[in-house]
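As structure tokens, the structure follows; a few thoughts come after it.
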Amino acid sequence: MNHAFVTALAGSGHTAETLAERLGLHPKTVARWANPGHIRQSRHRATVANLLGLPMDALWPDAGRRREPVWFRPWVDIEREAVALRAFQLAWVPGLLQTEGYARATFLGQPLTADEVTDLVAARLDRQGILNRQRGPLYVVVLDEQVLRRAAAGDRPLMAAQVAHLAACAELPNVQLHVVPADTPTYPGLDGPFIIAELRDGSRVAHVDSQAQAQIIEQPSEIATLERRWERIRGEALPRARTLELLREVAAAWA
């Protein structure tokens, strides 16, 4: 149990219900913060610490030992909370489905030291644990076929391993993988990648990336726009069984 949180909650005069009301969250979400290793989303952590009268690192000491980039941590916390994730990717294999070799290749050419790359790769692989945990989120991914056809770092064996890994992931009970064929005419996905997360309290949050910055979106109207785009993109994708066949074909071609 997170005794620091439980003690601080009792001493503050708050209950899970009153704290949830102050934050606009479901009481069950707040109650789960008493679980060991359960780190509150970064976007609320400072507010919670202020309400409970303790520094953030006293309530969630694990937060100070994380290896993700600071700007990305709020989304990692959302991933951990999610009961469902819907992701569209136009250029890269999503981080939750990358092999170590592919993850390392995504950092080539960036101004990073070898130690920094090692930490970033380890952080990315650590995130993948949510797919294997008991009651992990439903993860539905749509990829443009070019993701499978473009060689990361020009390395054919690396791509053979990565696409084979995708095929293996596609058979997990909580993973659904679909591919938009390369001969598909222009479709809404060409505007860029995004992820929609559904949290336990029923709320939805989205992550949209660009060359300049990543953005977390919570505005309901903007989420609704992304959900409409998601449905149109998924409508262009191959069914699950045909996607699995294609993955195996592409993996063999790379080998």
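Scanning the stretch 222-239 for residues that are of a type outside the set (D, E) and either in a loop (DSSP other than H, G, I, E, B) or within 15 Å of A197 (Cα to Cα) (or both) gives I223, A224, T225, L226, R228, R229, W230, A237, L238, P239.
Elements of the type helices (runs of 4 or more DSSP H) sitting completely within the stretch 29-116 and holding at least 3 residues that are open to solvent by less than 20 Å² (accessible area, probe 1.4 Å), at pLDDT below 95 and within 22 Å of S210 (Cα to Cα): these cover 73-81.
Could you go through the stretch 175-192 and let me know if any residue there is touching a residue at least 24 places away in the same chain (Cβ under 8 Å), surrounded by 14 or more Cβ atoms within 10 Å (Cβ to Cβ) and of a type in the set (D, E, K, R). No. Taken over the stretch 236-245, the criterion of being under 10 Å from H178 (Cα atoms) and either open to solvent by less than 70 Å² (accessible area, probe 1.4 Å) or more than 21 Å from the chain's Cα centre (by Cα) (or both) is satisfied by E236, A237, L238, P239, A241, R242, T243, L244.
From the list A214, A197, the one residue that fits, being in contact with a Pro (Cβ under 9 Å, 6 or more places away or on another chain) and within 30 Å of Q110 (Cβ to Cβ), is A197. Screening the candidates Q215, Q219, Q211, Q176 for the property of being polar (S, T, N, Q) and in contact with a helix residue (DSSP H, G or I) (Cβ under 7 Å, 6 or more places away or on another chain) yields one hit, Q176.
Can you say whether A160 is in contact with a Phe, Trp or Tyr (Cβ under 8 Å, 6 or more places away or on another chain) and in a helix (DSSP H, G or I), as far as the supplied structure shows?
Taking the combined requirement at face value, the residue satisfies it.
Among the residues of the stretch 153-174, the one identified as without any contact (Cβ under 8 Å) to a residue 60 or more places away in the chain and buried (at least 18 other Cβ atoms within 10 Å of the Cβ) is L158.
The values are calculated or read from the model by the stated rules, or taken from the named source; none is laboratory data. Source: prediction; values computed, not measured. With ideal geometry, Cβ positions are generated from the backbone for all residues, glycine too; neighbour counts draw on all protein chains shown. Areas reflect the complete protein model, heavy atoms only, side chains present, ligands, DNA and RNA absent. Shrake-Rupley method; radii C 1.70, N 1.55, O 1.52, S 1.80 Å.
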